[in-house]
Amino acid sequence: MMKLNLDITVLVFTNELILLHLCFVHSHQINQILRMEILDLISDAVTNVPISYGDTKDFRKLIFSKLSRFKELIDSAEKTSSHPFLEHHNVFTYKRSIEKLIDGLLLSIDNFYEGKPAKAYSTFSETMNSLDITEYLDKNSLLPCGSNLYRMRNAVGNYPLTIYELFHIPFEKRGLVQSQRFSIPGLPSLYTANSIYVAWEEMRRPNVDTIQAIRLVNQRDIKLLDITTDIYNNNSEINTDNPSEILYKLLIWPLVACCSVKVKNINDTFKPEYIIPQLLLQWSNKNLDGIKYSSTHIDLNNTKHKGTFYNVVLPVKTFNVDKGYCRHLKRLFKSTNVLPMQLRQISTIIDRFSHQSSIRSDINLNIEELELIEGTAQSYSQTLFGILEHGLSGIDIHSL
């Protein structure tokens, strides 16, 4: 009798293991299907960024057209979903959230155009706070302590600028702060790049003889909102088995798109392309250090660069002083002295200073190759940008 009970117990336990295994296999298959379906959506030409005007003349018409095409893409994919189980588990469950985000973004832009910036922010904030995707946005992307970021300025001559001339505009000169993509007039922000190359592109390719640069090293992890766009242009290189991470990129695409429109008229005082980015920075400034975003001057759909290319903007968080610089940002970084490109080239005709070892191919772990001239891809370490970064790596950092 005891043997019979034992046999039944073993049988039940075995059946439970088999059922558990089947559930695991089924769940894994579902995740794989979900991952592929979302990647198919992300890889569609509709999601390509940055966005250019083309034949469209009006900003609002451009944005409305792009976001409408994205909604059509989601609707079309819902009707052709390849697995019935996904009806309740994939991105289409969140279709209404995507629609609400799009409606809120368009209404915010309309409010701004009507001369109601406060209402534009209120609409934007209410939209962001009411959506489930806010949970994704609140998950901070950390830039690890000890990372290298770069700042650049143009200056004619071979005399280095001071460090603070490459820091944010001081408070006593806040009147010089113009409207920028992620900052409003009068509010200084520190714009940095993950490479000298990205900084050069952001400055619209100035003459390299006028480049002066510093290397900033963060002294703690930096909490960022990540709206970079690499996955929309290079999704074939994404290697993750976590569908929720890819789902996040799909859910926030309307927001990313509104932050990734190339400026049409760079000399205009008002740039509508900056409306949503500036609202986003205000909304995120309470709990984060800044925003990590891709340059609209680098189109990975039309280049064969290999690597990741991004900027980090950090608004000031000191508001009770009228002179000097943000105490928060000064504590956050240590910096090298300023190194002019031309002075580095005069100092040595080789790729290093005498106290340095030869430049390594991985001088910048984010960037492998650049193809600035079609058909002539070069290792980043063989470019003037990589050589200047190597020079900066041989200069000591100190407190600001």
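The values are calculated or read from the model by the stated rules, or taken from the named source; none is laboratory data. Keep in mind the model is a prediction, meaning the values are calculated, not measured. No Cβ is skipped: glycine too gets one built from the backbone with ideal geometry, and neighbour counts run over all protein chains shown.
Looking across the range 330-357 at every residue that is touching a His at 6+ places or on another chain (Cβ under 9 Å) and polar (S, T, N, Q), the one that is farthest from PRO315 (Cα to Cα) is identified as GLN356.
Of all the listed residues (LEU314, LEU300, LEU332, LEU365), the sole one being in contact with a Gly (Cβ under 8 Å, 6 or more places away or on another chain) and of a type in the set (A, V, I, L, M) is LEU314.
Among residues of the range 64-78 that are more than 14 Å from LEU106 (Cβ to Cβ), those with a beta-carbon under 6 Å from a residue that is among the acidic types (Asp, Glu) at least six positions away or on a different chain give the pairs LEU73/ASP44. A single entry from ASP299, ASP322 fulfils the requirement of being more than 16 Å from ALA193 (Cβ to Cβ) and exposed (fewer than 13 other Cβ atoms within 10 Å of the Cβ): ASP322.
Taking into account only those residues within the range 218-228 that are crowded, with 16+ Cβ neighbours inside 10 Å and either part of a strand (DSSP E or B) or at pLDDT 95 or above (or both), which is nearest to the chain's Cα centre (by Cα)?
Keep residues of the range 218-228 that are crowded, with 16+ Cβ neighbours inside 10 Å, which gives 218, 222, 224-228.
Checking which are either part of a strand (DSSP E or B) or at pLDDT 95 or above (or both) leaves us with 218, 222, 224-226.
Numbers: ASN218: 18, ILE222: 14, LEU224: 9, LEU225: 8, ASP226: 5 Å.
My answer is ASP226.
The set of residues from the range 36-64 being closer than 19 Å to TYR274 by Cβ and modelled with pLDDT of 90 or more comprises VAL49, PRO50, ILE51, SER52, TYR53, ASP58, PHE59, ARG60, LYS61, LEU62, ILE63, PHE64.
How many residues are assigned to a strand (DSSP E or B) and either small (Gly, Ala, Ser) or in contact with a helix residue (DSSP H, G or I) (Cβ under 8 Å, 6 or more places away or on another chain) (or both) when one looks only at the range 199-217? Final tally of qualifying residues: 5.
GLY157 - would you say it is modelled with pLDDT of 95 or more, among the small types (Gly, Ala, Ser) and over 23 Å from PHE319 (Cβ atoms)? Walk me through how you get there before you give the answer.
On the way: modelled with pLDDT of 95 or more: no; among the small types (Gly, Ala, Ser): yes; over 23 Å from PHE319 (Cβ atoms): yes.
In short, no.
Among the residues of the range 309-327, those that are touching a strand residue (DSSP E or B) at 6+ places or on another chain (Cβ under 9 Å) and not aromatic (Phe, Trp, Tyr) comprise ASN311, VAL312, VAL313, LEU314, PRO315, VAL316, CYS326. Number of residues in the range 363-388 that are of a type outside the set (Val, Ile, Thr) and in a loop (DSSP other than H, G, I, E, B): the value is 8. Residues that are surrounded by 15 or more Cβ atoms within 10 Å (Cβ to Cβ) and in a loop (DSSP other than H, G, I, E, B) within the range 121-157 comprise LEU131, ILE133, ASN140, SER147, ALA155, listed in sequence order.
Restricted to the range 160-206, and to residues there that are among the small types (Gly, Ala, Ser), out of contact with any Asp or Glu (no Cβ under 8 Å at 6 or more places or on another chain) and under 24 Å from HIS398 (Cβ atoms), the residue that is modelled with the lowest pLDDT is SER189. Looking only at the range 352-386, residues that are exposed (fewer than 15 other Cβ atoms within 10 Å of the Cβ) and of a type in the set (Asp, Glu) come to 3 in all.
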